[in-house]
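What follows is a set of notes on a single structure, which appears directly below.
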Amino acid sequence: MEKTFSQFELAPFLEKALQKMNITTPTEIQQEAIPKILQGDAVVGRSKTGSGKTLAYLLPLLTTLDENNKELQGLILAPTHELAMQIYRVLEELVAETNINIDVFIGSANIKRQLEKLKKQKPQVIVGTPGRVLELAQQKKLKVHQSKMVVIDEADRMLQERETRQAFIEISKRMDKETNYMFFSATIPNGLKEDIEALIRSEVTLVSSDEKLETEKVEHLFIKCEERDRVDTARRLVHSLKIKRGIIFVNHLDKVEETTKKLQYKGLKAASLSSDSDKHQRAKVMQQFHNGEVEVVVASDIAARGLDVEDVTHIINLHPPVDKDAYVHRAGRTGRMGKTGEVITLVTHKEFFIIDKFQKQLQIKMTEKELAFGKLR
Ligand code: ADP
Ligand code: MG
């Protein structure tokens with residue numbers, strides 16, 4: 001029998017919202033995580049990219065929420081502004097027909113305006129980047145300690161980067177024992193669960209679904225090229241494959257802009273998504289990517305974590321990613337919810353061994369291709 005969302009006894013408004021979103025069958029991680037969270041377990045949830053982790057935590061969080069209690073009850077932390085905004089939009093859709101107050105707090109937004117907004121209306125659920133949420137808590141503008149549910153999205157990244165880790169630790173110190181924690185990511189490295197348990201001083205349950213990368217729908221390819229030809233190879237790929245929605249990953253933040261400029265100069269509709277550019281700039285790029293004005297986004301690893309852009313058909317790794325987890329997150333921007341996609345990694349002779357390493361570690365087949373006469377062969 002096909003599973004439905006009614007098995008979970010979600011708040012009735014959520015059932016309606018899901019219907020409106022055309023979402024009928026829970027994904028594996030949703031089936032695993034929702035009952036555990038509803039029964040009050042602290043969880044670490046892992047499932048592949050694009051498998052619906054956002055709803056896996058938002059649905060139980062909103063079901064547990066008491067609409068009549070006007071205090072802050074839920075806090076969702078995410079590493080980047082884009083991701084926080086994306087989660088906020090899903091939240092908005094879910095509560096549209098209710099009186100639940102929600103808000104979003106990200107580092108680059110004007111803090112004065114945020115403070116004024118907070119004076120007018122107290123949110124019951126907030127999404128934010130850890131730095132800004134902590135700042136507002138320290139100024140006593142946000143009573144984070146009231147929050148009974150705390151979600152850490154992209155948990156490995158959040159707890160590995162010094163700044164976000166520190167902010168999380170400070171925020172968690174304000175929480176009481178009853179706080180219900182949820183940590184999610186596509187990659188949960190060894191030791192992270194124990195690290196989390198030490199940080200929140202309580203046991204967490206690991207819930208996960210099928211950890212292999214989706215290989216039937218996403219093709220993993222690589223092309224050999226010379227160091228100096230990387231950008232031009234990427235350009236030829238975009239051109240030859242007629243890529244209308246692709247992401248080119250670079251390994252170093254300071255190469256994002258330079259790479260974009262080179263591609264633009266060659267006539268590609270390219271734009272950068274980097275944590276360096278300001279909030280408006282990045283929002284504009286995401287908008288243009290959505291509506292097709294931008295065909296390739298050049299991004300760093302951090303900028304692209306968790307982003308859910310529909311129909312990204314190609315991922316080009318200008319360099320091999322630093323490790324297998326980085327590969328998983330990059331590749332995960334395509335092939336979302338069973339769609340097809342191609343991941344193409346450019347390697348020099350010296351980097352050739354990395355392909356073999358990834359194939360073993362990720363249990364995927366990576367196929368060598370050549371770009372000749374405008375075709376991949
Ligand atoms: P993840 O965080 O695991 O990478 P997301 O939460 O961003 O994935 O979800 C990816 C996409 O799948 C979103 O566009 C979301 O609307 C959609 N989605 C989530 N759950 C379901 C479901 N049960 N059925 C169909 N689509 C879903
Ligand atoms: Mg996600």
For segment 5-208, which whole percent of the accessible surface, found with a 1.4 angstrom probe, sits on carbon and sulfur atoms? 44 percent
Please calculate the 1.4 Å probe accessible area of LEU38, with all protein chains present, and give it to the nearest 10 Å². 60 Å²
Normalised by the residues of segment 5-208, what does the relative contact order come to in percent, with Cα pairs under 8 Å and at least six apart? 28 percent
When the charge dipole of the chain is computed with +1 at the Cβ of Lys and Arg and -1 at the Cβ of Asp and Glu, the Cα pointing farthest to the positive end, of GLN30, HIS220, GLY131, is that of GLY131
Counted charge near GLU295, where neighbours are those whose Cβ lies closer than 14 Å (Asp, Glu -1; Lys, Arg +1): +4
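Report the FRET efficiency, 1/(1 + (r/R0)^6), for LEU253 and GLU370, where r is their Cβ-Cβ distance and R0 is 35 Å, rounded to 0.05. Don't skip to the answer; put the middle values down first.
Details: r = 30 Å, r/R0 = 0.87.
According to the calculation, E is roughly 0.70.
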Of the listed pairs LYS284/LYS369; LYS112/LYS140; LYS324/LYS350, those with alpha carbons more than 24 Å apart are LYS284/LYS369
Positive end of the dipole of the chain, charges at C-beta (+1 Lys, Arg; -1 Asp, Glu), about the Cα centre: which of ALA283, ALA198, VAL343 has its Cα farthest in that direction? ALA283
At LYS143 and ASP278, where each label point lies 7 Å from the Cα along Cα→Cβ, what is the point-to-point distance in nanometres? 3.5 nm
What FRET efficiency comes out for ASN99 versus GLN19 if R0 is 25 angstrom and r is the Cβ-Cβ distance? Round to the nearest 0.05. 0.80
For segment 218-376, which whole-number percentage of the solvent-accessible area (1.4 Å probe, protein heavy atoms only) is attributable to carbon and sulfur atoms? 50 percent
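Sort HIS290, HIS81, HIS280 from largest to smallest accessible area, using a 1.4 Å probe on the heavy atoms of the protein chains. Before the final figure, lay out the partial values.
Values: HIS290 90, HIS81 40, HIS280 130 Å².
So the residues, ranked largest to smallest area, are HIS280, HIS290, HIS81.
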When the helix-only estimate is applied to the chain (DSSP H runs of n ≥ 4, each -39,500 (n - 2.57), divided by the residue count), what is the mean residue ellipticity at 222 nm, nearest 500 deg cm²/dmol? -11500 deg cm²/dmol
Where a Cα-Cα gap under 23 Å defines reach, which lysines qualify for LYS20, not counting those fewer than 8 residues away within the same chain? LYS3, LYS53, LYS339
Relative contact order for the chain: what percent, with Cα pairs under 8 Å and sequence separation of 6 or more? 18 percent
Dipole in debye (nearest 20) - segment 175-268, about Cα centre, beta carbon charges: Lys, Arg +1; Asp, Glu -1: 920 debye
Could you work out the Kirkwood radius for segment 218-376, taking every pair of different alpha carbons, averaging 1/r and inverting it, reported in Å? 15.5 Å
Largest-first ranking of ASP41, ASP278, ASP153 by accessible area, probe 1.4 Å, whole protein assembly kept, is ASP278, ASP41, ASP153
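Charges at C-beta only: +1 for Lys and Arg, -1 for Asp and Glu. How large is the resulting dipole of segment 5-208 about its Cα centre, in Debye rounded to 20?
Magnitude of the dipole: close to 780 debye.
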For ILE111 and ASP66, what does the FRET efficiency come to when R0 = 41 Å and r is the distance between their Cβ atoms, rounded to the nearest 0.05? 0.90
Probe 1.4 Å, all chains present, heavy atoms only: TYR88 accessible area in Å², nearest 10, is 40 Å²
Kirkwood radius from Cα pairs of the chain plugged into Stokes-Einstein at 20 °C, 1.002 mPa s, gives D in µm²/s equal to 99 µm²/s
Could you identify which residue out of GLY52, GLY40, GLY191 has the top mean-square fluctuation in a GNM of the chain using Cα springs shorter than 10 Å? GLY191
Compare GLN287, GLN146, GLN30 in a GNM of the chain, Cα atoms joined below 10 Å, and give the one with the largest fluctuation. GLN287
Using a ≥ b ≥ c from the Cα gyration tensor of segment 166-250 (square roots of the eigenvalues), is it rounded, prolate or oblate, where a/c under 1.5 gives rounded and otherwise the larger of a/b and b/c decides, a/b for prolate? prolate
Expressed in angstrom and rounded, the centroid-to-centroid distance over alpha carbons for segment 1-21 and segment 106-132 is 30 Å
Send over a whole-number figure in Å² for the accessible area per residue of segment 1-156, probe 1.4 Å. 44 Å²
Using alpha-carbon positions, what is the distance between the centroids of segment 25-49 and segment 140-180, in Å? 19 Å
Can you tell which of ASN101, ASN190, ASN180 shows the greatest fluctuation in a Gaussian network model of the chain with Cα springs below 10 Å? ASN190
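The values are calculated or read from the model by the stated rules, or taken from the named source; none is laboratory data. Source: prediction; values computed, not measured. Cβ: placed from backbone, ideal geometry, glycine included. Neighbour counts: every protein chain shown. Note: areas computed on protein heavy atoms with side chains; ligands, DNA, RNA excluded. Shrake-Rupley method; radii C 1.70, N 1.55, O 1.52, S 1.80 Å.
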